[in-house]
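A short write-up of the structure that comes next.
The values are calculated or read from the model by the stated rules, or taken from the named source; none is laboratory data. Just so it is clear, the model here is predicted, and its values are computed rather than measured. Cβ placement follows ideal geometry from the backbone for every residue including glycine, while neighbour counts extend to all protein chains displayed.
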Amino acid sequence: MKTTSAVSKFSSIQRPSASGEHQDATSYLVMAFGTKGLNAAEQFMTETADGVPAVLSAIPAAHPSALGALRTSLAGATGSVHIVLAGPESDVFAARAVAIEFGAVESELLLRVTEAENRRVYCPHCTTITLTTAGIGQLADCAGCDRSLLVHDHFSRRTATYLGYMDTAEELPLDLQRVAV
């Protein structure tokens, strides 16, 4: 009998790898976000094989300048560099999107998510990305157009965002509703 691991059918997020084994890595680029991310990154570095060089960058959050520094590091990276991203989900997946943009493949990425309190929510109405603590199925106010967005479970790995849409999008205005006869 063949056994397979269970994968949530409702998520398109690649879950963090349980093992730190990347035998074909010749070096590691490690980016840690926040204190918990730094702890997870340091733990990873103690688990890596002896003799494999690693460069650790510790920053508070995945703000634009930090992602710019990651872009600079990746611009000169070779194919055998493996990228370790550790910290809150919103930061890790924002940095993952940058790594993919620069040609990294899934087998070169190791994601260590330490918490999932904040979500990046994409508003299709104004294209703004809002950082919120609202969970899946909850409402968040768009930082761009101030619409009330319903946070959907659809996750874009390319943009590292959950989809949000106007919570009343499926309701017809009163003047257009059909009256039952």
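When Gly51, Gly68, Gly76, Gly34 are screened for being surrounded by fewer than 15 Cβ atoms within 10 Å (Cβ to Cβ) and at positive phi, only Gly51 passes. Residues of region 67-99 that are within 15 Å of Arg120 (Cα to Cα) and charged (D, E, K, R): Glu89, Asp91, Arg96. Among the candidates Ala143, Ala160, Ala134, single out the residue that is surrounded by 13 or more Cβ atoms within 10 Å (Cβ to Cβ), on the phi > 0 side of the Ramachandran plot and not assigned by TED's automatic domain parsing to the domain that holds Thr35. That would be Ala160, the only listed residue that is surrounded by 13 or more Cβ atoms within 10 Å (Cβ to Cβ), on the phi > 0 side of the Ramachandran plot and not assigned by TED's automatic domain parsing to the domain that holds Thr35. Does Pro64 fit the bill of being modelled with pLDDT under 85 and within 28 Å of His154 (Cβ to Cβ)? Considered against the rule, which asks whether it is modelled with pLDDT under 85 and within 28 Å of His154 (Cβ to Cβ), Pro64 comes out as no. Here Met166 meets each of (1) at pLDDT 90 or above; (2) within 19 Å of Ile59 (Cα to Cα); (3) not basic (Lys, Arg) with one exception, condition (2). Looking only at residues in region 136-159 that are free of Cβ contacts under 8 Å to residues at least 60 places away in the same chain and among the charged types (D, E, K, R), the one that is nearest to Phe93 (Cα to Cα) is Asp141.
Residues are listed down the side, and each one gets a yes or a no for (1) in contact (Cβ under 8 Å) with a residue 24 or more places away in the chain; (2) touching an Asp or Glu at 6+ places or on another chain (Cβ under 6 Å); (3) not in a strand (DSSP E or B):
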{"residue": "Ala62", "(1), (2), (3)": "yes, yes, yes"}
{"residue": "Arg71", "(1), (2), (3)": "yes, no, yes"}
{"residue": "Val84", "(1), (2), (3)": "yes, no, no"}
{"residue": "Ser90", "(1), (2), (3)": "yes, no, yes"}
{"residue": "Ala95", "(1), (2), (3)": "yes, no, yes"}
{"residue": "Val98", "(1), (2), (3)": "yes, no, yes"}
{"residue": "Thr127", "(1), (2), (3)": "no, no, yes"}
{"residue": "Ala134", "(1), (2), (3)": "no, no, yes"}
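Scanning region 45-60 for residues that are polar (S, T, N, Q) and not in a strand (DSSP E or B) yields a count of 2. Here Glu42 clears all of (1) assigned to a helix (DSSP H, G or I); (2) modelled with pLDDT of 90 or more; (3) buried (at least 16 other Cβ atoms within 10 Å of the Cβ) except the condition numbered (3).
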